[in-house]
Amino acid sequence: MKESPRPLLLDLTRAELRELMAQWGEPAFRGDQVYTWLHKEVVASPEEMSNLPKALRARLEEKTLVTPLQLITQVDSQDKLTRKALFRLPDGNTIEVVLMLYNERRTVCISTQVGCGMGCTFCATGQGGLARNLTAGEIIAQVHWFDRWLRQAERGELRVKRPARVTNVVVMGMGEPLANYKPLMQAVAALSDQDTFGLSVRNITVSTVGLVPMIDRLAAEALAVKLAVSLHAPSNRLRNKLVPINKTYPLEALMAACQRYQAKTRRRVSFEYALMAGVNDAPDQAQQLADLLTGLHCHVNLIPLNPTPGSPYQPSSDEDVRRFRQVLEGAHIATTVRLRRGIEINAGCGQLRQAVQQPDVIPLLT
Ligand code: SF4
């Protein structure tokens with residue numbers, strides 16, 4: 001008979017942990033203690049939960065899992081400011097997580113699904129399809145893993161300067177976050193719980209490729225996270241090709257949802273735009289984009305595409321990126337060009353995973 005998997009403690013809310021302790025014949029307050037060890041102290045093992053009786057620690061060790069992540073490989077960018085890690089989950093699936101050390105920020109880019117069902121034609125993850133949704137605990141564990149890593153780094157092992165804690169989370173890794181809504185929101189609530197992990201909800205960014213009804217649902221939440229929309233094209237004609245979900249929720253509907261999100265949350269919406277040579281990077285397309293965004297309090301992130309081997313899409317030249325930006329700024333749209341720091345570590349989503357699955361396709365730089 002197949003052994004049933006051990007429950008992941010990070011999947012449980014505080015109330016559920018209290019319930020579990022009660023089921024085990026322990027006082028319910030033990031649930032609060034375990035919750036604090038997990039979400040405030042970010043421990044990796046029940047052994048570290050020093051105010052619990054030894055027998056309870058042993059039982060937790062035997063019957064449950066604290067972290068579902070087993071590190072397979074990690075690679076650093078040459079400037080040592082980006083680290084990408086590939087993890088194996090207990091069911092054998094793999095996910096990617098990226099840490100970026102820019103200025104005072106310690107940003108972790110996390111995944112919400114194994115693979116992705118959105119099928120964007122320029123994306124390595126999109127080509128493989130969706131395997132499954134991640135649970136809340138699997139999402140939280142990605143942030144915790146790098147938080148632990150940073151704390152150790154502060155102790156001198158890895159020479160990371162302060163602050164040696166995760167300060168920002170961007171939900172922009174593998175998967176469409178809003179297609180895995182409930183676990184995502186449980187994770188956001190846990191990470192922004194001011195009594196434990198304590199991230200400011202203002203420092204959590206959730207990206208979407210444009211699931212309009214879910215943007216409205218997100219707007220109605222008390223937790224007003226920052227919304228980032230992966231746009232990549234200024235017209236329906238082109239976006240239908242690059243981002244197939246556009247056929248269901250075209251630009252007019254998406255822009256209207258962004259207006260509603262902004263009106264409800266008072267938060268600036270950001271738009272991600274991967275620049276691809278000869279596809280979406282001409283000055284008249286920049287003007288089209290500017291026209292589309294006029295009247296919206298927003299910010300545009302231009303990202304020269306991370307090239308994927310075998311893909312027909314190539315990154316735009318520096319000159320084309322500069323011209324594109326100039327048009328947007330001429331229209332008074334706040335624009336940033338995201339540095340391609342991660343490029344040599346396969347930092348486009350899904351690329352490290354693909355490199356490990358098909359090592360002959362993308363050489364790993366370790
Ligand atoms: S770009 Fe994002 S939404 Fe599109 S296929 Fe890739 S992971 Fe999915």
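Quick look at the values:
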item: Total residues in region 159-181, condition at pLDDT 95 or above and more than 21 Å from Val229 (Cβ to Cβ); result: 2
item: Residues located in region 213-268, provided they are under 19 Å from the mean Cα position of the chain (by Cα) and under 24 Å from Asn280 (Cβ atoms); result: Ile215, Lys226, Leu227, Ala228, Val229, Ser230, Leu231, His232, Val243, Arg268
item: Single unsatisfied condition, Thr107 versus (1) more than 20 Å from Ile303 (Cα to Cα); (2) in the same structural domain as Leu242 (by TED's automatic domain parsing); result: (1)
item: Odd one out for Asn93 among (1) at pLDDT below 95; (2) touching a strand residue (DSSP E or B) at 6+ places or on another chain (Cβ under 9 Å); result: (1)
item: Tally of residues being at pLDDT below 95, surrounded by fewer than 21 Cβ atoms within 10 Å (Cβ to Cβ) and more than 18 Å from Ala334 (Cβ to Cβ) across region 278-307; result: 1
item: Inter-residue pairs, beta-carbon under 6 Å, first surrounded by 15 or more Cβ atoms within 10 Å (Cβ to Cβ) and in region 312-334, second hydroxyl-bearing (Ser, Thr, Tyr), 6+ apart; result: Arg325/Thr335; Leu328/Thr335
item: Failed condition for Ala44, given (1) more than 20 Å from Arg165 (Cβ to Cβ); (2) of a type in the set (A, V, I, L, M); (3) assigned to a loop (DSSP other than H, G, I, E, B); result: (1)
item: Flag for Val243 being in the same structural domain as Asp147 (by TED's automatic domain parsing) and free of Cβ contacts under 8 Å to residues at least 60 places away in the same chain; result: no
item: Qualifying residue in region 140-153 (condition: in a helix (DSSP H, G or I), surrounded by 22 or more Cβ atoms within 10 Å (Cβ to Cβ), within 16 Å of the ligand (Cβ to nearest atom) and under 16 Å from the mean Cα position of the chain (by Cα)); result: yes
item: Of all residues making up region 119-132, the number that are within 13 Å of the ligand (Cβ to nearest atom) and modelled with pLDDT of 95 or more; result: 2
item: Selected residue [touching a residue at least 24 places away in the same chain (Cβ under 8 Å), of a type outside the set (Ser, Thr, Tyr) and within 16 Å of the ligand (Cβ to nearest atom)] from Leu211, Leu191; result: Leu211
item: In region 214-246, residue surrounded by the most Cβ atoms within 10 Å (Cβ to Cβ) [restricted to those that are within 14 Å of the ligand (Cβ to nearest atom) and more than 21 Å from Leu296 (Cα to Cα)]; result: Val243
item: Flag for Lys84 being modelled with pLDDT under 95, away from the ligand (no atom under 16 Å from the Cβ) and either crowded, with 21+ Cβ neighbours inside 10 Å or not in a strand (DSSP E or B) (or both); result: no
item: Positions within region 200-243 being closer than 24 Å to Lys182 by Cβ and assigned to a helix (DSSP H, G or I), in sequence order; result: Val201, Arg202, Asn203, Val212, Pro213, Met214, Ile215, Asp216, Arg217, Leu218, Ala219
item: Positions within region 87-112 being closer than 21 Å to Val166 by Cα, of a type in the set (S, T, N, Q) and within 15 Å of the ligand (Cβ to nearest atom), in sequence order; result: Ser111, Thr112
item: Candidate set from region 57-81 (those that are buried (at least 21 other Cβ atoms within 10 Å of the Cβ) and β-branched (Val, Ile, Thr)); member that is farthest from Leu12 (Cα to Cα); result: Thr67
item: Failed condition for Glu19, given (1) touching a strand residue (DSSP E or B) at 6+ places or on another chain (Cβ under 8 Å); (2) in a helix (DSSP H, G or I); result: (1)
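The values are calculated or read from the model by the stated rules, or taken from the named source; none is laboratory data. Only a predicted model underlies this, so the values are computations on that prediction, with no experimental measurement involved. In this analysis, Cβ positions are derived from the backbone assuming ideal geometry, glycine residues included, and neighbour counts consider all displayed protein chains.
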